[in-house]
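Enquirer: Let me begin by handing over the structure; questions about it come next.
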Amino acid sequence: KELKRRENQERLASAVANLDTITKNNNIQRNIRNMVKEVLNILKDEKGGSISVRAANAISMLDSVTQNPQMQSHIRTMLWQVVSTLESIRE
């Protein structure tokens with residue numbers, strides 16, 4: 001159980017790090033960066049429920065973000081990688 005919790009924490013930290021990279025990239029449209037910042041806030045807010053609940057909420061938000069037709073394909077790919085990482089978080 002402790003191992004599972006630690007793995008989930010590591011996956012969450014990895015996802016947060018990747019999202020942080022996106023928010024600091026000024027070549028990405030502001031609206032997408034702002035959406036990613038909202039997702040980061042959800043993931044970091046420990047009052048928002050368990051890790052898996054926060055991950056699920058973040059996944060649904062990222063899903064809608066990646067539907068944006070103006071998004072550069074490499075950014076979409078990065079977001080999909082984050083979604084994949086978040087999907088592996090289980091309790």
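Enquirer: Need one number: nm distance between label points at Thr23 and Glu38, each 7 Å from Cα along Cα→Cβ, rounded to one decimal.
Expert: With each label point 7 Å from Cα toward Cβ, the separation is 1.4 nm.
Enquirer: With a probe of 1.4 Å, find how much accessible area the chain has per residue, and write the answer as a whole number in Å².
Expert: 61 Å²
Enquirer: In deg cm²/dmol and to the nearest 500, what is the mean residue ellipticity at 222 nm of the chain if only DSSP H runs of at least 4 residues count, each as -39500 (n - 2.57), divided by the residue total?
Expert: -24500 deg cm²/dmol
Enquirer: Per residue, what volume in Å³ does the Cα convex hull of the stretch 21-68 take up?
Expert: 65 Å³
Enquirer: Same structure again: Return the loop-located trypsin sites (Lys or Arg not before Pro) in the chain (DSSP other than H, G, I, E, B) with at most 13 other Cβ atoms within 10 Å of their own Cβ; answer none if there are none.
Expert: Counting only loop positions with at most 13 other Cβ atoms within 10 Å, the trypsin sites (Lys or Arg not before Pro) in the chain are Lys1, Lys24, Arg90.
Enquirer: If you take Rg and Dmax of the Cα atoms in Å from the coordinates, which of [x] 12.7, 40; [y] 15.3, 44; [z] 12.8, 42 do you get?
Expert: Calculated Rg and Dmax of the Cα atoms in Å: the matching label is [z].
Enquirer: Hey, any idea what % of the chain's accessible area is carbon plus sulfur with a 1.4 Å probe?
Expert: It is 48 percent, rounded to a whole number.
Enquirer: Which angle from 0 to 90°, rounded to the nearest 10, does the C-alpha axis of helix 2-23 make with the longest principal axis of the chain?
Expert: 10 degrees
Enquirer: Here's something else I'd like to know. Can you tell me the 0 to 90 degree angle between the C-alpha axis of helix 73-87 and the longest principal axis of the chain, rounded to 10?
Expert: With both axes taken from Cα atoms, the answer is about 10 degrees.
Enquirer: Taking 7 Å along the Cα-to-C-beta vector as the label spot, tell me the Gln81-Glu7 distance in nanometres, rounded to one decimal.
Expert: Output for this residue pair reads 2.1 nm.
The values are calculated or read from the model by the stated rules, or taken from the named source; none is laboratory data. These numbers come from a predicted model, not from an experiment. Neighbour counts are summed over all protein chains in view; Cβ atoms, including those assigned to glycine, are modelled from backbone coordinates with ideal geometry. Ligands, DNA and RNA are stripped out before the accessible areas are found, and what is left, the full protein with its side chains, is counted by its heavy atoms. Shrake-Rupley method; radii C 1.70, N 1.55, O 1.52, S 1.80 Å.
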